[in-house]
Amino acid sequence: MTRTDVPPTGDERASLVTFLDYVRDTARMKCDGVSAEDARSAPLPGSPLMTLCGLINHVRWVEHWWFDVMFLDGKDEGPWTDEDPDREMRIAVDIPLADLLAEYTAQNVRHRELVAAHSLDEMAKRTLRDGSAINLRWILLHLIEEIARHNGHLDILREMADGTTGD
């Protein structure tokens, strides 16, 4: 996998899209070559849902929420429920990591096309819980932050699983 955090141009859109792709690619890279057992392992006693599978499924559904639900006002098809708000993390251990990564990658392609077709200033169809309006630029920045934070979790889990480290 070839990753870069250097945009082809210095403009804002290229920078945001490049960094979003970079953190997405980093998440995938953290899973390269991991065993199925290690992908489902939750080694942190205080975080029983924190698995490689769970985190990949989580970032996949987070992107769905922000692009498909908030920005486009689409149907929330996420696996979470009021009774089990972390269900995407829980059910992921029953799904092969390769399938989770394939779903995430396919979704990334669709979202890349969505971002290319809209202005960064375009407002999301839905507002935040407090009523604040957000635009596509805010969503991109939020996703970069969210996925980057979870990449730190993936990094720790991967090192604990088999000693693999790296950027």
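The values are calculated or read from the model by the stated rules, or taken from the named source; none is laboratory data. Everything numeric in this text was worked out from a predicted model, so none of it was measured. We place every Cβ from the backbone using ideal geometry, glycine too, and count neighbours over all the protein chains shown. The protein model used for the area step is the full one, side chains on, heavy atoms only, and it has no ligands, DNA or RNA in it. Shrake-Rupley method; radii C 1.70, N 1.55, O 1.52, S 1.80 Å.
Multiply the residue separation of Arg129 and Ala117 by 0.36 nm, subtract the distance between their alpha-carbon atoms, and state the gained length in nm to one decimal. Before the final figure, lay out the partial values.
Numbers: separation 12, 0.36 × 12 = 4.32 nm, distance 2.62 nm.
Value of the extension gain: 1.7 nm.
Please say if the chain is rounded, prolate or oblate, where rounded means a/c under 1.5 for a ≥ b ≥ c the square roots of the C-alpha gyration tensor eigenvalues, and otherwise the choice is prolate for a/b larger than b/c and oblate otherwise?
Details: a/c = 2.11, a/b = 1.34, b/c = 1.58.
Because a/c hits 1.5 or more and a/b fails to exceed b/c, the chain counts as oblate.
All other residues with a Cβ under 14 Å from the Cβ of Val109 taken together, and with Lys, Arg as +1 and Asp, Glu as -1, what is their net charge? Before the final figure, lay out each step's value.
Details: positive: Arg24, Arg28, Arg60, Arg110, Arg112; negative: Asp21, Asp25, Glu63, Asp68, Glu103, Glu113.
Neighbour charge sum, excluding Val109 itself: -1.
Tell me, what ³J(HN,Hα) does each residue in the range 32-46 have, in order and in whole Hz, if you take phi through Karplus 6.51 cos²θ - 1.76 cosθ + 1.60 with θ = phi - 60° and put x for Gly and Pro?
Going residue by residue, I get 4, x, 6, 6, 4, 5, 5, 5, 9, 6, 10, x, 8, x, x Hz, with x marking Gly and Pro.
Using a simple charge model, +1 on the beta-carbon of Lys and Arg, -1 on the beta-carbon of Asp and Glu, nothing else, what dipole does the range 66-108 show about its Cα centre, in debye to the nearest 20?
Numbers: 3 positive and 12 negative charges, 34 e Å.
In total the dipole reaches around 160 debye.
Counting Lys and Arg as +1 and Asp and Glu as -1, each charge on the Cβ, what is the dipole of the range 97-167 about the Cα centre in debye, to the nearest 20? Write out the running numbers ahead of the final one.
Working: 8 positive and 12 negative charges, 76 e Å.
With Lys and Arg at +1 and Asp and Glu at -1, about 360 debye.
Accessible area of the chain with a 1.4 Å probe: how many percent of it is carbon plus sulfur?
Numbers: 4580 of 8590 Å².
Looking at the chain in its full context, I get 53 percent from C and S.
Any idea how far the Cα center of the range 74-153 sits from the one of the range 5-51, in Å?
Value for the Cα centre distance between the two parts: 13 Å.
Hey, can you grab everything whose amide H is under 5 Å from the amide H of Asn135? Only 5+ residues off in sequence or another chain; H modelled, so Pro and N-termini drop out.
Ala124
Would you mind calculating the gained length between Leu49 and Glu103 on full extension (0.36 nm times residue separation, minus the Cα-Cα distance), in nm to one decimal? Could you put the intermediate results ahead of the total?
On the way: separation 54, 0.36 × 54 = 19.44 nm, distance 1.99 nm.
Full extension of this stretch gives 17.4 nm more.
How much length is gained on full extension from Leu72 to Arg137, taking 0.36 nm per residue of separation minus their Cα-Cα distance?
Values: separation 65, 0.36 × 65 = 23.40 nm, distance 1.40 nm.
My answer for the length gained is 22.0 nm.
Using DSSP to define loop residues, name the trypsin sites (Lys or Arg not before Pro) in the range 14-106 whose beta-carbon has at most 16 other beta-carbon atoms within 10 Å.
Numbers: sites: Arg24, Arg28, Lys30, Arg40, Arg60, Lys75, Arg87, Arg90; in loops: Lys30, Lys75.
Passing sites in the range 14-106 are Lys75.
Between the DSSP loop rule and a limit of at most 10 other Cβ atoms within 10 Å, which GluC sites (Glu not before Pro) in the range 75-167 are left?
Numbers: sites: Glu77, Glu83, Glu88, Glu103, Glu113, Glu122, Glu145, Glu146, Glu159; in loops: Glu77, Glu83, Glu122.
Listed in order of number, the matching sites are Glu77, Glu83.
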